[in-house]
1. Largest first and to the nearest Å, give the Cα extent of segment 232-360 along each principal axis.
2. Using θ = phi - 60° and the Karplus curve 6.51 cos²θ - 1.76 cosθ + 1.60, what whole-Hz ³J(HN,Hα) does each residue of segment 132-148 get, with Gly and Pro shown as x?
3. Over the chain, with every protein chain in place, what whole percent of the accessible area is carbon and sulfur at 1.4 Å, could you tell me?
4. When ranked by the protection proxy of mean other Cβ atoms within 10 Å per residue, highest first, what sequence do the peptides 399-407, 182-190 form?
5. Restricting to the chain, compute how many DSSP beta bridges are antiparallel as a %, nearest 5.
6. In nanometres, what is the gap between the two model label sites at residue 137 and residue 235, each 7 Å from Cα along Cα-to-Cβ?
7. For residue 188 and residue 71, what is the calculated FRET efficiency with R₀ set at 22 Å and r taken between the beta-carbons, to the nearest 0.05?
8. Leaving out ligands and nucleic acids, note down the accessible area per residue over the chain with a 1.4 angstrom probe, in whole Å².
Amino acid sequence: TKLSHIRNFSIVAHIDHGKSTLADRLIQACGAIEARDMKEQMLDSMDIERERGITIKAQTVRLEYKAKDGLTYQLNLMDTPGHVDFAYEVSRSLAACEGSLLVVDASQGVEAQTLANVYHALDAGHEVVPVLNKIDLPAAEPERVKQQIEDVIGLDTSDAVMISAKTGIGIDLVLEALVTRLPCPEGEENEPLQALLVDSWYDAYLGVIILVRIKNGVLRKGQKIRMMASGLAYQVDSVGYFTPKIIQSNELRPGEMGFFTAGIKAVADTKVGDTVTDDKKPAAEPLPGFKPSVPVVWCGLFPIDAADYEDLRDSLAKLRLNDASFQYEPETSAALGFGFRCGFLGLLHLEIIQERLEREFNLDLITTAPSVVYRVHLTNGDMQELHNPADMPDPARIDHMEEPWIKATIMVPDEYLGPVLTLCTDRRGQQVDLTYAGSRAMAVYKLPLNEVVFDFYDRLKSISRGYASFDYEVDSYSESELVKVSILVNAEPVDALSFVVHKANAESRGRGICQRLKELIPRQMFQIAIQAAIGGRIVARESISALRKDVTAKCYGGDASRKRKLLDKQKEGKKRMRQFGKVEIPQSAFLAALKMG
Ligand code: GDP
Ligand code: MG
């Protein structure tokens with residue numbers, strides 16, 4: 001296809017504003033899929049994504065569109081993930097396109113991720129077409145929302161497209177806007193090959209599939225290619241694109257998006273952001289790459305049943321094949337035995353992986369307290385990255401520590417602003433900006449990541465009755481007075497519950513956790529002492545009194561089957577418990593204990 005007949009675009013939106021529904025409509029309108037083949041939300045492929053209504057893996061679809069000018073265009077739609085944790089994947093997808101559709105729900109208006117995503121698109125040099133969705137809803141206020149887009153984002157909305165992705169109104173206008181308003185790609189087919197490696201994943205039939213955007217040159221079946229960053233060379237087995245069905249072709253030309261396979265065994269051998277070039281006639285320069293995605297949240301994953309260790313290891317290896325941003329390494333815990341320390345892009349990413357391990361791989365796991373990555377500067381001049389509070393060096397060896405901060409943008413209706421500001425202040429936030437647009441406020445804060453990682457998002461949602469929206473980016477490291485709080489159960493330290501916190505909050509956080517554990521740990525046949533300690537100093541203490549009666553006592557000794565049932569039930573409950581010395585702690589306590597009140 002000629003460059004002038006290609007349009008590469010993404011759809012950016014706040015979650016639930018209708019991105020996936022619009023994508024499905026566009027696919028349908030271009031006849032790529034028969035209505036009977038059309039599963040709802042074609043692009044959200046994994047079950048968990050479908051259930052949670054989010055898109056994790058960026059995917060691309062090639063559409064053929066016959067425009068009003070009588071010409072046929074190749075439209076490449078690049079799907080992007082919709083959650084804050086995956087901002088990095090959004091920006092790498094955008095780098096492969098020239099334009100974006102900015103979808104805003106006309107009954108909701110601009111939200112935090114609308115802003116974050118549109119800024120990513122503008123940063124990528126995109127032409128942005130505003131699209132107001134859900135105009136079928138009685139609550140839709142397209143005029144007010146257009147004004148808001150102008151005020152908050154500064155985009156001209158006089159040509160905004162009004163649609164209902166649900167009923168199909170305006171889909172034709174979106175397609176025309178893509179052709180008439182977005183620029184076509186640039187590129188030179190006689191130059192040496194330069195293809196941007198946008199994504200890669202493992203497929204059981206085809207092996208590693210690599211998604212590319214061709215900038216210059218032509219990628220052909222049988223060609224010997226080289227990855228410029230890794231230096232590895234391969235022979236191309238197959239070339240093609242998705243409609244979303246896999247279509248094989250002989251070549252990909254400048255401006256086009258598509259995939260190739262080349263007998264590559266592991267996703268780890270492909271580096272997202274790398275440049276693919278011809279092995280014999282390489283390009284002089286690689287394309288500008290992406291910043292690598294670094295896990296910012298780490299936690300331990302341990303099998304409840306030690307016999308599941310090998311299964312857990314194999315399952316993690318499988319997950320990692322398709323998710324290069326997820327990392328893990330073996331970890332041993334005094335209390336929990338053998339497991340893995342795992343790194344994630346954020347808490348949602350953590351929850352998704354944990355859920356997949358439990359559901360798809362049938363594993364019962366204990367997740368330890370999530371921690372961010374601290375920088376520990378030792379008195380001998382060395383610097384260590386601390387992923388696990390259990391590895392914190394002796395305070396005598398520490399000169400100072402640094403913690404990561406984020407820049408957060410929160411949008412909230414006026415009436416909930418007060419509690420939101422209080423929450424940010426409680427979490428050591430520093431206000432950067434506070435502005436108003438209509439009846440909504442936009443607050444920009446710098447916040448320490450460790451205050452946000454655990455339950456900030458849940459708290460924000462609950463104090464704003466679900467109306468606040470939130471987005472963040474990792475900002476910088478800065479020096480901080482941090483201490484490790486250890487939790488002791490019957491005088492034994494439970495390393496999986498220890499955490500690092502700012503000195504000023506250490507005592508109250510320790511007290512809160514002891515109180516919560518008191519409620520979470522069931523009474524047992526003996527008294528249990530729960531303590532929080534900083535170094536050797538106990539800062540909080542709670543106790544759980546002993547259980548007096550036998551569980552079966554109320555069965556009067558008569559009904560044997562009922563008695564057995566009760567004991568079986570108790571055994572069942574035990575599977576979800578973990579023994580610490582003599583004390584059994586339910587799995588649920590590990591994460592729940594750390595939710596800040
Ligand atoms: P995404 O999170 O941006 O991908 O949003 P989805 O496409 O999953 O849509 C979120 C919800 O809004 C779903 O329940 C859709 O059915 C609904 N929705 C999407 N577009 C429209 C629309 O034009 N009108 C109405 N009434 N609902 C819509
Ligand atoms: Mg979606």
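The values are calculated or read from the model by the stated rules, or taken from the named source; none is laboratory data. Remember, predicted model here, so these are calculated numbers, not experimental data. We place every Cβ from the backbone using ideal geometry, glycine too, and count neighbours over all the protein chains shown. Note: accessible area is taken over every heavy atom of the protein model, side chains too, but ligands, DNA and RNA are not part of it. Shrake-Rupley method; radii C 1.70, N 1.55, O 1.52, S 1.80 Å.
1. Largest first, segment 232-360 extends 56, 31, 25 Å along its Cα principal axes.
2. Each residue of segment 132-148 in turn: 9, 9, 6, 6, 6, 6, x, 7, 5, 10, x, 5, 5, 5, 4, 4, 5 Hz.
3. Of the solvent-accessible surface of the chain, carbon and sulfur hold 49 percent.
4. 399-407, 182-190
5. 85
6. 5.5
7. Rounded to the nearest 0.05, the efficiency is 0.50.
8. 44
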